[in-house]
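A short worksheet on the structure shown next.
The values are calculated or read from the model by the stated rules, or taken from the named source; none is laboratory data. None of these values were measured; they are calculated from a predicted model. Glycine gets a Cβ as well: all are built from the backbone with ideal geometry, and neighbour counts include every protein chain shown. Heads up: the accessible areas ignore ligands, DNA and RNA and are worked out on the full protein's heavy atoms, side chains in. Shrake-Rupley method; radii C 1.70, N 1.55, O 1.52, S 1.80 Å.
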Amino acid sequence: MASGAESSDPAGAAGISPAFRALLDAEPLAGLTVLDVGTGWGRLALLLAPRSGRVVGVDREAGLIEEARRRASSAGVANVRFVVGDVEVEELVPFRPDAVVAHLCMSDAIIERAARALAPGRMFAFVAFHRDQWRETGRRSRFAYDEAQARRALARAAFAVEHLQVEREVRAFASVEEGLAAAGAFEEKWKAEGRWSRYVKFLEEGGRTLTRSHLVVKARRT
Ligand SMILES: C[S@@+](CC[C@H](N)C(=O)[O-])C[C@H]1O[C@@H](n2cnc3c(N)ncnc32)[C@H](O)[C@@H]1O
């Protein structure tokens, strides 16, 4: 998950969609406590820190939290705190967040916990994998939502949706080799997840696409 672009991109903006950033930019965060769930190495937390009161990033992977702390320190960002924790098991209430954000880490358990932690009027914004993400690999991520499913989960948790869009990019290839090369960076991960052989089969049977599809959401606690 760590990126080699740290020195040229200390705030971690690379890889976060412009649409999501625009939604966050429109939100006044000065003086507020922002909670970034599934923070990874702190990409989103470090992006938001300069315009927030303080940011807390939580991730269950201790190694990623160490990396996030190292990046915050080397970028001189003092108003972030990174904590090891499981956001689908632990409550978010103790963090006393004024806003909850998440980038590619979403589940009904997280939505429910965000709802319990936020006061009415407070923002919950996230990017989630859409169900069509890497559809050519034949497996849906456990974090994936479609539009209706996301709307239902948010409504159940008393969030009013202000913005919901699908960002989709379908890459097309001229050959099997091109398709394999495009997914080369994922080979080990996909092998571990049982996706790789299904993607190879898809290409061998004439498939020539690879789909990236994300859901971008901004909601408010009612
Ligand atoms: C696809 S990565 C995204 C990381 C980061 N938000 C980013 O965009 O760079 C998903 C992250 O969620 C974390 N994660 C998944 N389930 C979690 C849970 N239940 N509690 C805390 N972190 C979790 C993983 O460890 C991983 O770092």
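So which residues in the range 72-89 are touching a residue at least 24 places away in the same chain (Cβ under 8 Å) and out of contact with any strand residue (DSSP E or B) (no Cβ under 6 Å at 6 or more places or on another chain), if there are any at all? Before you say what the answer is, go through the steps one by one.
Let us first name the residues in the range 72-89 that are touching a residue at least 24 places away in the same chain (Cβ under 8 Å), namely 72, 74-75, 77, 79-88.
Across the range 72-89, the qualifying residues are S74, A75, V77, V84, D86, E88.
Given the residues E90, E112, E136, which is the only one that is within 12 Å of the ligand (Cβ to nearest atom), among the acidic types (D, E) and touching a helix residue (DSSP H, G or I) at 6+ places or on another chain (Cβ under 9 Å)?
Testing whether each residue is within 12 Å of the ligand (Cβ to nearest atom), among the acidic types (D, E) and touching a helix residue (DSSP H, G or I) at 6+ places or on another chain (Cβ under 9 Å) leaves just E90.
Given the options V37, V83, V58, name the one that is β-branched (V, I, T), in contact with a Ser or Thr (Cβ under 8 Å, 6 or more places away or on another chain) and either over 14 Å from V100 (Cβ atoms) or modelled with pLDDT of 95 or more (or both).
From the options V37, V83, V58, the qualifying one is V58.
Is it fair to say A109 is free of Cβ contacts under 8 Å to residues at least 24 places away in the same chain, open to solvent by less than 30 Å² (accessible area, probe 1.4 Å) and farther than 30 Å from R208 by Cα?
Judged against the criteria, A109 is a match.
Return a yes/no flag: does the range 149-156 have any residue that is under 16 Å from the mean Cα position of the chain (by Cα) and within 14 Å of the ligand (Cβ to nearest atom).
Within the range 149-156, not a single residue is under 16 Å from the mean Cα position of the chain (by Cα) and within 14 Å of the ligand (Cβ to nearest atom).
Considering only residues of the range 30-60 that are more than 8 Å from the ligand (Cβ to nearest atom) and charged (D, E, K, R), which is nearest to G85 (Cα to Cα)?
Only one residue fits best here, namely R54.
Could you name every one of the helices (runs of 4 or more DSSP H) located completely within the range 114-222 that has at least 1 residues being in contact with a Ser or Thr (Cβ under 6 Å, 6 or more places away or on another chain), open to solvent by 30 Å² or more (accessible area, probe 1.4 Å) and at pLDDT 95 or above?
Details: elements: 147-156, 176-182, 187-193, 196-204.
Correct list: 196-204.
Being over 15 Å from the mean Cα position of the chain (by Cα) and either among the charged types (D, E, K, R) or closer than 30 Å to T209 by Cα (or both) is the requirement here; does E88 meet it?
When the stated conditions are applied, E88 does not pass them.
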